[in-house]
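Have a look at the structure below, then the notes.
Bear in mind that the values in this text are calculations on the coordinates, not laboratory data. In this text, all values refer to a predicted model and were calculated from it rather than measured experimentally. Reconstructed Cβ throughout: ideal geometry from the backbone, glycine too, with neighbour counts over all protein chains shown.
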Amino acid sequence: MNDSIFFLSDTHFSYHRISANESKKREAFLSFLDEIEGAEKLYLLGDIFDFWFYGRQVPESYRSVLDGLRKLARSGTEVLIAGGNHDHWLGTYLSETIGLTILPALVTHELQGRSVTMTHGDTLLPGDFAYKALKAVIQSRPVIALARLVPAGLLFGFASRFSAASKGVTHKQTRHWAETLAERAGESFFRWGNDVFVMGHVHLPLLRIFGERTFVILGDWEEHFSYLELRNGELSLQRYGPEEMIVNENR
């Protein structure tokens with residue numbers, strides 16, 4: 001276990017709705033963190049929180065998750081996090097208080113003899129110009145400055161309603177998007193001298209091999225509880241729970 005590197009994304013921890021499913025998800029996540037204590041690294045590739053806006057107010061409902069991540073970091077495991085489309089605005093609280101390393105939007109790391117490029121992946125879908133334009137607006141400095149003036153409760157409440165609406169739309173297209181990205185992967189996602197490309201955002205776990213190259217969509221922790229493990233240079237996409245391998249395709 002100490003030689004392993006783990007990757008996961010899209011846990012979408014809610015800041016206010018602690019339903020039975022949300023509790024189950026958190027329990028599984030914290031159990032997973034306990035089991036990988038002392039591992040080499042854990043990469044969290046976006047949408048870990050269903051909404052996060054800097055550190056101006058940390059919702060109390062996130063406390064158990066943050067404590068679990070801090071405990072893992074203190075065990076000697078390097079914990080690295082990238083922002084997604086729900087939690088792009090990470091700020092310094094996670095690095096200075098929790099002990100996480102904040103990643104840029106796209107990064108390539110040399111890991112166990114593999115060159116691994118990682119990103120959340122929300123801008124990789126072909127077309128989707130309306131979303132890309134909206135993202136540019138909400139990540140702009142004027143909009144961020146305006147958001148800082150909005151009372152935290154209102155800001156989080158608006159984000160929660162927007163998130164629920166967007167999930168209802170995107171869930172219907174999940175399999176189509178996964179297959180579309182897999183078809184493009186061989187010619188589009190290995191431009192950085194990498195032999196592995198790992199992304200989140202699309203809530204369907206998928207692993208495809210193209211000769212010496214491997215393309216991975218991590219899936220989610222809302223339905224699939226999936227994660228990627230790199231051990232001794234070998235990649236395996238797994239489910240946390242009684243089932244082991246969930247996807248390992250070569251086609």
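Summing Cβ point charges (Lys, Arg +1; Asp, Glu -1) relative to the Cα centre of the stretch 1-130 gives a dipole of roughly 240 debye. Averaging Cα coordinates gives a centre for the stretch 27-54 and one for the stretch 90-128; these two points are 13 Å apart.
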